Structures are given as structure tokens and as C-alpha cells.
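*Asks:* I am attaching a structure below and will ask some questions about it afterwards.
The values are calculated or read from the model by the stated rules, or taken from the named source; none is laboratory data. All figures in this text were calculated on a predicted structure; none of them were measured in a lab. Cβ placement follows ideal geometry from the backbone for every residue including glycine, while neighbour counts extend to all protein chains displayed.
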């Protein structure tokens, strides 16, 4: 029984003609003490999925289970269960803290809700301990959010999530608003706390290197679907889906790149009108645009298959992908 | 937390007194309130004493403001009327606030359909002119002071409702409200702790400005004979009586009019000061974390680097950009020296506050007011571009230098077609005909890999994706065949696959046209993909100027090394913690005497803290500002 389990989750926006699925059937599980990385470009639906997991976004299909309890569109006791077990840290620490609430009060509010048995004195001590845990001066409890730097605010947001005692934390692009040297301190801090408290993390980012560094398992999301999911080392050393490989090739490297990069032509399609069949076929560097024999990609939606231990992929031609790319990799650049 | 709340009150009071209008407005209101309480007691009898013998007298020692038609003393009447005037205005505002604010907030927080209907209803009510509505209501309930208060209260309710709903809607969408919901904060506490405190400031201003409006509105009703009825009198009623004999005794009308205007102003200013005082963001501007630049650092003369292999395209020497601030001069760019050769691609890398963007803006002469740019030498193709602004210089810069910004959507005008915008630089600076410019624009758009450029000339920016918009911006920059493109974080807003495409476009432009590129980025990976040389900036200074190969293998400055190590890449050891840079960039109040990085540097020696290192050559085309790197 996983702390967090998503089965066939679908999230549709709008009604009638303009309706579209931002998340179109996602299976995903986070094991105890594990970090599940979710990577994707804008419009992939990763942030929508994050908001759905914490109950900020209604789900239109599938189910979300937290430690075995169904919390899909939860109300009443199931919602209370969700709030106790799953918390979230948002992308922008300048927006996620109430500007009219002191640091200590923000943490105190979480303690008051989730640990209501604590007497006031213990609560203040607990607040100080949490501030210290995330590397902030316990004496800063009386300060306002604007008196902290961006990195310090993100530490405060992490402390607020930890105050609830929730074993699962969803982290949505938590370092993308921060400077790189600050990012390193936040990532290190998260890893330390995770080990200490055996937290299960859903770590969402557009930065592949950061996701690789943080995660035990990584899922790659594209236009509302997970196209490939594997243990981190497998995914980064032997990616099978052409989208995963193109993403990896697009990451700027400090060292000299090896060979011709696999570049994607064109733009990310509009998620409101995804391509038919395999949603990646219009940009696929080894798909029907370059290989006329692969017309099935246009008409048939690939089914997710298990291709190795914990390695799942949704591609009709994953077995042939590696061989084909060496032929046309250079030609498809732009 | 009683200690915290006590200090909150103290700080609120201090901030109120510091607000420019706080003290005068507070004093004025205090005087008005005192008058409202004591004036009728002290002068009520005098104000009502008629004396037909002294009717309509001019000011005299006995009657400082003269008398009215019935010989009543105008000064005591004006002062006595304060109570009724203020009380009526406050009562009307209270009615409007008590009805309007809850109406607005509940509408904003209602289910979507109910909310839409409620907002529309409020809009319809707002469409009615308030004073007409008030006249209509008084006509129904009868002309009296109570009737006027009721009418004005109802007439002003939609304004409060509209304001409260707009504010609550905007706050309700903020991340901190979402975060509170995730925490499990209930609806009542959500409203009390997260929504109300963040809309209170604006509502406070509204209460005071509405009171001022209500004062005028009730006076108007009294003036029309629909409000206060004799023998009661407020300032509006006194105006009616005064206006009748305005040419004989103008004071009779001017005295109440002055009181109405003065009270209105005092209320408005008081509300503003109070709103400022309750906002903790404005309490202590000196504690805010916004200032990250160095201040008044000792000026160190550094020799400009002599570029090898021919004349420099761009030469920057002693470039300093500073901004005035309440704490003194903030030096955003501090004595920066570098040069670019033709067709060279150079990167500037640094974190926020390092001065990299201000350096780029200074080169393009775009530093915002009140920034001050100084330079010993700033030349492009040998021409002084720091000289006084002339049409010729603008034209020169317009043709030779192109800028690409971070956010293409913000840089393109949404109301004009892509073709018009891409073609414009050639029309303005080359005096090209529009049709010819559009043809060139299509060619340039093809060069940056925009498919079907001819067909896309007539499209609008919103029809382009982010990556395509950025390429259109680059195409625009290419119109005048510049010798230098300054690109400020051109890929930061883009997805990684699109970023790769834009980098490829910049590379091919450089290869085809020999255009030099100055690429500014916080992403050392992007810089390494395209640049042959990198300038590393820290706290407004260049700390290292290094060829790409040395950047990767032998960076000389500890900050450069730390910056590389702090960023995880696809080869990072996942078992080990990332290297971090302890501490923060120097604060402008405490800019160190020595190296700006010394406080965070693991290798810093005494000398590093005391003496500022200059940017010295330490190898072929390699300079560093570090005592450890220079033997």
C-alpha cells in the first residue's frame, strides 16, 4: 500500500466543444521514503496534476489513493485524511506566504490544525524547532515574509508543510524561482529532511538535471500523459522513448556533447487540441514525419508496456527507436 | 503572542506618524471630532440665537465671520454644524459598508454560477448614478436627515460590494490562500486570517474616502432641500441659506463650503496614512531584502584589457552603473572592463544582483531613470557610444546593435502584426520602404527557422508560441544586420527543447553573418553551449574572464568553481550533497573593503578581506580578480 497512488487520473477543463483533458489518464505511485520525479515541458499537465493530488483541482476520472484511502474529490473525513497525509510546497515563495502573517504564525497555524493537542508553550517550542530544522534562525519567528530572502521563504514554506506531520509532500517547481546557489542549499536540505523523516516526495520540475539528482524514480510527462517511467539510473542511462531522449539531448551541458543531438522540430502542440494517436507523433524524430512506415503512430494511441524492472513506456516502436535515431538524428535537427 | 501584537501596534503607530500626511490629517480629524463633541454644548445656544437687528452683517469683532439673514452668528453655527454633518456622513458610510462588504465578499466566495450572477447584479446597481438613486429614495421615505442617511447608505452600497468582491477575488486566487486550503484551514479562518487582512488596507482607504463622499452627498441633498430640515442644520443646510445672499455676505456660504472641503481632504489623507501604517511591508524599508548591490566600494583603477588579434568591436572600460537610494548610492555595476572582438560570442553569467543585466542595458544606453552610467571608455566599432545622445548616435546604435529580451511576449506589441514589428527597425533606421522591409522581414524570419514566414507576416503575436515569438524578436534584431546582438536571458522563459532551438538559431546567425553576441544568462550550461569566452559577475564586478575550455577545467576564481559545482548536471554524483555557497551576496550597507566574495569563500586569507583584487591577466586570454589566482 503506497502512501500515494494515482490510477488513470484524468482532469478535464471546460465544457462542451471547448473541453480538453489537461491530464489524460495518469498512473503514478510514490513508495515510502521515495522521491518520484515528474518532468515535463509547459503544457504537459504536471502542475495541474500536482494541484489535483492535494485536492485543489477537481478530478474528472480515475482515482487518487492516499495510504489506501480513496481521496478523489474528497470531502469530509476523506478530505481530512488527505490534508493530514499530503502537503504541498509551491513554486513561488513570494506568492505562497501570506504577507500579513509572521513566520511563526504561518507555522503555528499548521500546528494548531494538525496537532491541536499541543499546549501553546509546546507549540512555540515546536515552531522554533521546525525553523531550526530548515536552517532558519528560531528567533526569526516574529519576522514578516518580506523580511526573508527567496531561499529563506522557500525554507519557511517547507517548514510549514513539515509542521503538519504529513508523510507525503508534493513539490511543484520549488527551485525555479531561486538563484542556482540557493537552489543547491534547498535541494540538499530536502534530501536531508527526507532521510530523517522517511518522507515520500512527488518532485515536479522542468529541469532534468535537478529531477535526476533528487529522484529515485522518474516519470516523463508529455501533453497530459506519462510517456516513460523508470528508476532514475535506467531512465537517464538508457532512455527508450524518443521524447525522453530528445529532452535529454536538449539539456545544455558543460562538457562537450557527444554526437549529433536529437533535436525536436516545431513547437509543443496546443494541449487543448492534442495530435491524434500517439500525442508525440507530430514532433517525433523517429515517427511518421520521418519514417512513412510508421503510420500507426497517427491513428493508434500507444498502450503503456512494462519493458524492464519498473520501466514502463508508451511507444509503438520503442524497441526500434535506438537503432532508427542514429540514421536520422542529424537530419532532423530543427 | 502578546509581545508580537504589542510590537505590531507600536510599529503601526510609528509608521502612521511617519506617513507624510499622517500627522496633519490626524490633527485635523482630532480637531473635527472634538468640535463635533463640544461645539453644540458650548455654542449651541449662541448658534441658534436670532437677532434680526444684526441681519447679514459683515465680519466684525463681535461676529468673527459675520451673521446670517436672521442675525445668527456664522462662526458658532459653522462649528456647531460639525456634529450633525459628521454624524450623518459616518452613519451613511456605516450602512454602505455593513451592507456592501459582506455582500461583496460572499459573492466572491460563492459557487461559480452564483458568483457570476451576483457580480452582474452589483455591476447593474453600480450603473445607477448614486445621487439620483438617493434622491429617488428620499422622495419615497420623505425628506429628513434620517431619510438622507438611509438613501446615501443604500446608494453607496454597490461601490463597497464591488470593491470588496474584486479584492476578495484577487486575494482568493493567490498561492497563499491555496496553501492555507491545503493545510486544512476552514472557511471562516481562511476569511479572517488570509483574506481580510490582505484586503483591509484598500477597504480602509475606501471607508474614509466614502465618508468624504457621503458628507458631500448629504450636503447636496440638504442643499436640494431633501436632507436636513430646519431648525436642524448641517453644513449643507447652511450652504442653502448662505447661497441665497451670496453676493451680499459670501462668508455665509464660504464657511460651510470650506468645512466640507477641508473635512473631505482630512478624511482622505487620514485613510491613506492609516492604510500605509497597517501594511507591514512599508514599516521598515531599510530591512527589505531588495538591496543586494554594493555601495561606495573603493574605486580601483584596472587597466582595460588589450584584446588580441585586431581591433575590438566593443570596448568597455571603467563602466559603472549606480542608482540613488535613501541609503546612498547603490552601485549595480562597479568598474567593469572587457572587450568583444568581431564575431565573438561572449557570455555573462551571474546570479540576481550580480549586475549582468545592468551591464547589458548600459551598453545599449537603456539604463532606467534614475540610474547613472559612467565609463572611461564605451565604444562600438571604435565609436564612442557613451557620448551625449544625438540622432546620429541613436541611428548608429539602432543599426549596429540589437537587443533580445527575456520575455518575448512582453517585448512584442500585441496589437500589431508580427510583420509590421519585425520590419520596423529597417523602416526607421534604414528608411526602407514598407514593402521592401516586409520582404526582408520574411527572409530574416526564415533565417531564424520560422516556418512559412511569408504567411506569418500578417499574424499577431498571440498566434505565435513562446519559442516562435523569441525567434521573431531575433529576426527583428537582424533586420539592420547589426554587428552585435545583446541577448538578455533569451531562453529563460522557454522550454528546454525550444531553448535548444533558439540557441541553435543564435549559433547559425553568428556563423552566417559574423554577428558578435553578448549572451547574458544565469544558466552556465546555456553559456557553455554557445560561448567561446565567459565573464563571471558577482556583486557588480567581473570576477573572472575565462575562455570556455578553462571554465570547464581550470576556473581560477573560487566563485566560478562554486557556481559550477552548485548546479546539478546530468553527470552529478547523486549520492553526494551538492556543493553550496554559504552566506549571502554582500549587502549594500556592509560592502566589504576587500574581495566581494571573501566572506563566502572557503579559501579566503586576510588579504582578501582587506584589499580589493583587480582583474589581472593570469594566462592567455584569461583574467581573474582573485589574490589566490595571481602569483
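*Asks:* Looking at A:9, A:26, A:30 in this structure, which one is out of contact with any helix residue (DSSP H, G or I) (no Cβ under 8 Å at 6 or more places or on another chain), closer than 14 Å to residue A:226 by Cβ, in contact (Cβ under 8 Å) with a residue 24 or more places away in the chain and surrounded by 15 or more Cβ atoms within 10 Å (Cβ to Cβ)?
*Replies:* A:30
*Asks:* Can you name the residue in the stretch B:605-626 that is touching a helix residue (DSSP H, G or I) at 6+ places or on another chain (Cβ under 7 Å) and without any contact (Cβ under 8 Å) to a residue 24 or more places away in the chain and is also farthest from residue B:545 (Cα to Cα) among such residues?
*Replies:* Here the answer is B:609.
For every residue, the table says whether it meets (1) surrounded by 21 or more Cβ atoms within 10 Å (Cβ to Cβ); (2) touching a strand residue (DSSP E or B) at 6+ places or on another chain (Cβ under 9 Å); (3) within 29 Å of residue B:151 (Cα to Cα).
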position: B:35; (1), (2), (3): no, no, yes
position: B:42; (1), (2), (3): no, no, no
position: B:49; (1), (2), (3): no, yes, no
position: B:54; (1), (2), (3): no, yes, no
position: B:68; (1), (2), (3): yes, no, no
position: B:79; (1), (2), (3): yes, no, yes
position: B:85; (1), (2), (3): yes, no, yes
position: B:92; (1), (2), (3): yes, no, yes
position: B:96; (1), (2), (3): yes, no, yes
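*Asks:* A further question on this structure: Filter the stretch A:112-147 down to the residues that are touching a residue at least 40 places away in the same chain (Cβ under 8 Å) and under 26 Å from the mean Cα position of the chain (by Cα), then identify the one that is surrounded by the most Cβ atoms within 10 Å (Cβ to Cβ).
*Replies:* A:145
*Asks:* Another question, if that's okay. Which members of the stretch B:529-554 meet the condition of being closer than 17 Å to residue A:252 by Cβ and either surrounded by fewer than 21 Cβ atoms within 10 Å (Cβ to Cβ) or touching a strand residue (DSSP E or B) at 6+ places or on another chain (Cβ under 7 Å) (or both)?
*Replies:* B:530, B:531, B:532, B:533, B:534, B:536, B:548, B:549, B:551, B:552
*Asks:* Further question: Filter the stretch A:267-283 down to residues that are more than 8 Å from every other protein chain (Cβ to nearest Cβ) and at pLDDT below 85 and give me whichever is surrounded by the fewest Cβ atoms within 10 Å (Cβ to Cβ).
*Replies:* The residue in question is A:273.
*Asks:* Taking residue A:154, is it at the interface with chain B (Cβ under 9 Å from one of its Cβ atoms) and either over 16 Å from residue A:205 (Cβ atoms) or surrounded by 18 or more Cβ atoms within 10 Å (Cβ to Cβ) (or both)?
*Replies:* No: the conditions fail for residue A:154.
*Asks:* For residues in the stretch A:90-103 being more than 7 Å from chain B (Cβ to nearest Cβ) and surrounded by 24 or more Cβ atoms within 10 Å (Cβ to Cβ), which is modelled with the highest pLDDT?
*Replies:* A:103
*Asks:* If you check A:223, A:178, A:187, A:162, which single one turns out to be more than 30 Å from residue B:448 (Cβ to Cβ) and away from chain B (no Cβ under 11 Å)?
*Replies:* A:162
*Asks:* In the stretch B:616-631, what residues are under 38 Å from the mean Cα position of the chain (by Cα) and within 13 Å of residue B:594 (Cα to Cα)?
*Replies:* Correct list: B:625, B:626.
*Asks:* Quick one: which of B:210, B:204 is within 14 Å of chain A (Cβ to nearest Cβ) and under 19 Å from residue B:264 (Cβ atoms)?
*Replies:* It is B:204.
*Asks:* If you go through the stretch A:50-60 one residue at a time, do you hit one that is farther than 20 Å from residue A:2 by Cα, away from chain B (no Cβ under 13 Å) and either at pLDDT 90 or above or touching a strand residue (DSSP E or B) at 6+ places or on another chain (Cβ under 6 Å) (or both)?
*Replies:* Taking every residue of the stretch A:50-60 in turn, at least one turns out to be farther than 20 Å from residue A:2 by Cα, away from chain B (no Cβ under 13 Å) and either at pLDDT 90 or above or touching a strand residue (DSSP E or B) at 6+ places or on another chain (Cβ under 6 Å) (or both).
*Asks:* Select from the stretch B:163-195 the residues that are facing another protein chain (nearest Cβ under 9 Å) and part of a helix (DSSP H, G or I) and list them in ascending order.
*Replies:* Matches in the stretch B:163-195: B:175, B:176, B:177, B:178, B:179, B:180, B:181, B:182, B:183, B:189, B:193, B:194.
*Asks:* Quick check, is residue A:74 at pLDDT below 95, more than 26 Å from residue A:176 (Cβ to Cβ) and within 11 Å of another protein chain (Cβ to nearest Cβ)?
*Replies:* It is false that residue A:74 is at pLDDT below 95, more than 26 Å from residue A:176 (Cβ to Cβ) and within 11 Å of another protein chain (Cβ to nearest Cβ).
*Asks:* Looking at B:92, B:15, B:81, which is the one that is within 14 Å of chain A (Cβ to nearest Cβ) and in contact (Cβ under 8 Å) with a residue 24 or more places away in the chain?
*Replies:* B:15
*Asks:* Same structure, new question: Among the residues in the stretch A:227-243, are any crowded, with 18+ Cβ neighbours inside 10 Å, more than 23 Å from the chain's Cα centre (by Cα) and either facing chain B (nearest Cβ under 10 Å) or closer than 28 Å to residue A:213 by Cα (or both)?
*Replies:* The answer is no, given that none of the residues of the stretch A:227-243 is crowded, with 18+ Cβ neighbours inside 10 Å, more than 23 Å from the chain's Cα centre (by Cα) and either facing chain B (nearest Cβ under 10 Å) or closer than 28 Å to residue A:213 by Cα (or both).
*Asks:* Answer yes or no as to whether residue A:1 is within 9 Å of chain B (Cβ to nearest Cβ) and either under 30 Å from residue A:140 (Cα atoms) or surrounded by fewer than 17 Cβ atoms within 10 Å (Cβ to Cβ) (or both).
*Replies:* It is false that residue A:1 is within 9 Å of chain B (Cβ to nearest Cβ) and either under 30 Å from residue A:140 (Cα atoms) or surrounded by fewer than 17 Cβ atoms within 10 Å (Cβ to Cβ) (or both).
*Asks:* Sticking with this one: Mind checking which helices (runs of 4 or more DSSP H) fall wholly inside the stretch B:370-487 and carry at least 3 residues that are surrounded by 20 or more Cβ atoms within 10 Å (Cβ to Cβ)?
*Replies:* Those helices (runs of 4 or more DSSP H) span B:418-429, B:434-447, B:466-478.
*Asks:* Let me ask you something else. Would you confirm, using the coordinates I've provided, whether residue B:317 is part of a strand (DSSP E or B) and at pLDDT below 90?
*Replies:* no
*Asks:* To continue, here is another question. Let me confirm something: among A:254, A:247, A:264, which residue is buried (at least 23 other Cβ atoms within 10 Å of the Cβ), in a loop (DSSP other than H, G, I, E, B) and facing another protein chain (nearest Cβ under 8 Å)?
*Replies:* Answer to the check: A:264.
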